[in-house]
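K.L.:
To start, I am sharing the structure in question, which I have written as structure tokens.
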Amino acid sequence: MRTLSISAVVTINLLIGVRYVWLLRKHRISPALAMWVFFTIATVGSLLTYLGEGRFSPLDNILNTADILLVAGVTVAILSVRGSKHALHPLRPRVPEPRASSCGFPVPRYQGHEKGLGSTSALVST
């Protein structure tokens, strides 16, 4: 019965992973990389906690072990499909779009906005 359970769990996770990667490569889905990185960290932490509680093997918690392979595989697939342009990096400040003033006060203009420099620190009066 144990062998059947292990085989069933691994087969189901493999089918889920193959389908997810196929949809990713066909550009039918666009998952967030950060979510899958956190899923990988969470499943590894969960399995390590389980293994640390007693004399267990990874096969004793096959669902968690198979989930680690699934989420790590999807994470690698996202990185390979999107390439290095979507690597984890700090957020860049967003430059607000120019807008009309509804109350009669002048709307501040950001220096460098016209050139797309993204500078939000130097305001220029209009």
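The values are calculated or read from the model by the stated rules, or taken from the named source; none is laboratory data. Remember, predicted model here, so these are calculated numbers, not experimental data. All Cβ positions, even for glycine, are placed from backbone atoms using ideal geometry, and neighbour counts span all protein chains on display.
K.L.:
In the stretch 37-50, what count of residues is obtained for those that are within 16 Å of Leu69 (Cβ to Cβ) and over 20 Å from the mean Cα position of the chain (by Cα)?
P.N.:
Qualifying residue count, the stretch 37-50: 3.
K.L.:
Something else now. Does the stretch 48-65 contain any residue that is of a type in the set (D, E, K, R), within 20 Å of Val9 (Cβ to Cβ), outside any loop (DSSP other than H, G, I, E, B) and modelled with pLDDT under 90?
P.N.:
Yes - at least one qualifying residue is present in the stretch 48-65.
K.L.:
Just to check your reading of the model, which residue among Ile78, Ile29 is part of a loop (DSSP other than H, G, I, E, B) and over 30 Å from Leu4 (Cα atoms)?
P.N.:
Going through Ile78, Ile29 in turn, just one is part of a loop (DSSP other than H, G, I, E, B) and over 30 Å from Leu4 (Cα atoms): Ile29.
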